[in-house]
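Asker: Before anything else, here's the structure in question.
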Amino acid sequence: MMKQQIQSLFSLPLLFILLSHCTGISAQGPAASPKAGPIADAPAPPGPTNVTKILEKSGGFDLFIRLLKTTQVDGQLYSQLNNSDSKLTILAPTDSAFSKLKSGSLNSLSDSQKDQLLQFHLIPDFLTMSNFQTLSNPVRTQAGDQFEFPLNITTSGNSVNITTGLVNTSISGTVYTDNQLAIYQVDSVLQPYGIFAPKPLPPSPAPAPEKAKPKKKASSPVAAVKSAAGSVVCDLSRNGLASIGVAVVFAAVMFL
Ligand SMILES: *[C@@H]1O[C@H](CO)[C@@H](O)[C@H](O)[C@H]1NC(C)=O
Ligand SMILES: *[C@@H]1O[C@H](CO)[C@@H](O)[C@H](O)[C@H]1NC(C)=O
Ligand SMILES: *[C@@H]1O[C@H](CO)[C@@H](O)[C@H](O)[C@H]1NC(C)=O
Ligand SMILES: *[C@@H]1O[C@H](CO)[C@@H](O)[C@H](O)[C@H]1NC(C)=O
Ligand SMILES: *[C@@H]1O[C@H](CO)[C@@H](O)[C@H](O)[C@H]1NC(C)=O
């Protein structure tokens, strides 16, 4: 009995090690289950708000949820909302919003473009419907750069209108709101210029450094001439000093 128990105690971890080595299973899977257990069982600590859970419950956001999962932005949101100081507004496109996209346009995006597209739907602020009136445009999103990723939000009457320059839409419903997180339904995917129609860079001092480069090269021969001249001067003065020295010595000898 004892021997058998000991054997099984040894063989289980051994088997796991072998399995994880042979099949590339990471320790994450098995390690996660004991962690998930107590969190799910204990109702006391509510934990961070789970965005995908809210969207699942609401229904009609299957494609948005799938994109959140494949890009792992769902995990990012989970840890973002774990910080009670961080505020967030999500503009969540419905399944019919995704179906309006040109076919294949989502599949043609790289992983980082998919990530950027999602960040563009996230405003790092908690906005109630009345807050939208006070926004100044362009609105800051988590996609960053407001030149490539401009998002303008205006209100007229009860409607909150959103434009990216490529897409005009408006908020068509409130999915969820607490004091930290607001989720609104939008009926179009917000397509940013930066991904769907990259704008040429604006005329800026950017070309200046390129012009400066040849200048630098041109200036270096000048510098070489200067330093050469400098050394010539130096040599001359040295010769001069030397000759003065020779003259002094000669004079001294003459006087003796
Ligand atoms: C959030 O909820 C979804 C759906 O209920 C679940 O699959 C996922 O594991 C949850 N995420 C976290 C980090 O708990
Ligand atoms: C939430 O943050 C705390 C530290 O502030 C950390 O200990 C905890 O593991 C985090 N929980 C999750 C689910 O990320
Ligand atoms: C806002 O959107 C509504 C429809 O959603 C439209 O009737 C209205 O003209 C739009 N307003 C502006 C200022 O674009
Ligand atoms: C967004 O608003 C800014 C500031 O009002 C404006 O300059 C810009 O043209 C607007 N962009 C779009 C796409 O409406
Ligand atoms: C968005 O609305 C503006 C005016 O409100 C219009 O000039 C523009 O053509 C519209 N863009 C699209 C893509 O519908």
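The values are calculated or read from the model by the stated rules, or taken from the named source; none is laboratory data. Not measured: the values here are computed from a predicted model. Reconstructed Cβ throughout: ideal geometry from the backbone, glycine too, with neighbour counts over all protein chains shown. All accessible areas refer to the heavy atoms of the entire protein, side chains included, with ligands and DNA or RNA removed. Shrake-Rupley method; radii C 1.70, N 1.55, O 1.52, S 1.80 Å.
Asker: Rounded to a whole number, what is D in µm²/s for region 57-213 from Stokes-Einstein with the Kirkwood radius over alpha-carbon pairs (25 °C, 0.890 mPa s)?
Answerer: Reported coefficient: 148 µm²/s.
Asker: For region 129-140, take each phi angle, set θ = phi - 60°, evaluate the Karplus expression 6.51 cos²θ - 1.76 cosθ + 1.60, and give the result in whole Hz per residue in order, putting x for glycine and proline.
Answerer: With the stated coefficients, region 129-140 comes to 4, 6, 4, 4, 5, 9, 5, 10, 9, x, 7, 6 Hz.
Asker: In nm, what is the difference between 0.36 nm times the number of residues separating residue 110 and residue 78 and their Cα-Cα distance?
Answerer: 9.2 nm
Asker: Residue by residue through region 79-94, what is 3J(HN,Hα) from phi via Karplus (6.51 cos²θ - 1.76 cosθ + 1.60, θ = phi - 60°)? Round to whole Hz and write x for glycine and proline.
Answerer: Residue by residue, region 79-94 yields 6, 4, 7, 5, 8, 5, 7, 8, 10, 8, 10, 10, 9, 9, x, 6 Hz.
Asker: Under a 1.4 Å probe, what is the accessible area of region 51-196 per residue, stated in Å²?
Answerer: On a per-residue basis, 48 Å².
Asker: Amide H to amide H, which residues 5 or more places from residue 173 or on other chains are under 5 Å from it, using H placed in the peptide plane?
Answerer: Answer set, sorted by chain and number: 185.
Asker: Could you give the distance between the Cα centres of region 123-190 and region 60-113, to the whole Å?
Answerer: 15 Å
Asker: Residues with amide H under 5 Å of residue 182's amide H, sequence separation 5 or more or different chain, H placed in the peptide plane at 1.01 Å from N; which?
Answerer: HN-HN under 5 Å from residue 182: 88, 89, 90, 127.
Asker: Points 7 angstrom from Cα along the Cβ direction at residue 99 and residue 146: gap in nanometres?
Answerer: Placing both labels 7 Å along Cα→Cβ, they lie 3.6 nm apart.
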